[in-house]
1. If a residue has to be of a type in the set (S, T, Y), in contact with a helix residue (DSSP H, G or I) (Cβ under 8 Å, 6 or more places away or on another chain) and under 20 Å from K5 (Cβ atoms) to count, how many in the range 126-183 make the cut?
2. State which residue is modelled with the lowest pLDDT when the search covers only the range 1-50 and only residues that are of a type in the set (D, E) and surrounded by fewer than 16 Cβ atoms within 10 Å (Cβ to Cβ).
3. Show the residue pairs that are 6+ apart or on different chains and have beta-carbon atoms under 9 Å apart, the first residue being within the range 17-42 and farther than 17 Å from D58 by Cβ, the second being assigned to a loop (DSSP other than H, G, I, E, B) and modelled with pLDDT of 95 or more.
4. Return only the number of the condition from (1) in a loop (DSSP other than H, G, I, E, B); (2) surrounded by fewer than 18 Cβ atoms within 10 Å (Cβ to Cβ); (3) on the phi < 0 side of the Ramachandran plot that L99 does not satisfy.
5. Against the definition (part of a loop (DSSP other than H, G, I, E, B), more than 19 Å from A129 (Cα to Cα) and either of a type in the set (G, A, S) or in contact with an Asp or Glu (Cβ under 9 Å, 6 or more places away or on another chain) (or both)), how does E67 come out, yes or no?
Amino acid sequence: MAEEKQVLFAGFGGQGVLAMGKFLSHAALNTGKNVAWVPSYGAEMRGGTANCLVTIADEEISSPLTENPTMAVIMNRPSLDKFEDKIKKNGTLVVNSSLVNRLPERDDLKILEMPVNEIAEKLGNTRGANMILLGAYMEKTGVVDVEDALKYFDVIFADKKERIKQLNREAFMTGVQYARQNW
């Protein structure tokens with residue numbers, strides 16, 4: 001049986017959590033992978049909780065749902081509290097240390113922390129925090145090759161204005177560079 005990678009993205013509504021999952025899904029799909037994207041968010045939307053699960057596989061995906069993803073990208077403390085125990089043993093946990101004021105408690109995970117909000121502020125693009133973290137995550141894990149994702153950047157953001165595409169690309173590459181230099 002071919003390996004499936006399940007990636008959970010979680011944070012507050014308005015942090016771009018669902019957009020991170022969509023980007024990864026499109027990037028993987030464009031490289032020939034089978035992909036499932038399952039969003040979940042409360043009625044509150046902005047400010048409430050939001051998460052999505054992305055499953056990527058070489059072969060047909062047996063089920064798009066899992067209680068125990070292999071990886072998680074966590075944008076805030078409530079999401080860490082809720083999902084830390086659900087990540088598979090020896091999985092990867094990527095944390096926005098700007099909004100998570102505690103260390104993860106598990107010692108069987110590969111943990112990558114990044115002060116995403118501070119980096120976004122220095123970049124002058126606070127709305128780009130999600131793309132910064134996504135770029136770093138993709139660079140470090142190789143779940144989808146960064147160069148492959150960049151080939152399809154304009155396709156993924158086809159419905160966005162050119163300025164927004166450029167800001168997202170810059171934020172994404174800032175995250176990639178952070179991962180190369182710090183992790």
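1. The qualifying residues number 2.
2. Selected residue: E44.
3. V17/M75; M20/M75
4. Going through (1) in a loop (DSSP other than H, G, I, E, B); (2) surrounded by fewer than 18 Cβ atoms within 10 Å (Cβ to Cβ); (3) on the phi < 0 side of the Ramachandran plot one by one, L99 breaks only (2).
5. In short, no.
Quick grid of which residues meet (1) in contact with an Asp or Glu (Cβ under 6 Å, 6 or more places away or on another chain); (2) within 22 Å of E3 (Cβ to Cβ); (3) surrounded by fewer than 18 Cβ atoms within 10 Å (Cβ to Cβ):
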| position | (1), (2), (3) |
| --- | --- |
| A57 | yes, yes, no |
| V73 | no, yes, no |
| E105 | no, no, yes |
| L109 | no, yes, no |
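Residue-wise test of (1) free of Cβ contacts under 8 Å to residues at least 60 places away in the same chain; (2) buried (at least 18 other Cβ atoms within 10 Å of the Cβ).
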position: K122; (1), (2): yes, no
position: N125; (1), (2): yes, no
position: A129; (1), (2): no, yes
position: G142; (1), (2): yes, no
position: D145; (1), (2): no, no
position: E162; (1), (2): yes, no
position: K165; (1), (2): yes, no
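The values are calculated or read from the model by the stated rules, or taken from the named source; none is laboratory data. Predicted, not measured: the structure shown is a model, and the values here were computed from it. Neighbour counts run over all protein chains shown; Cβ positions are idealised from the backbone, glycine included.
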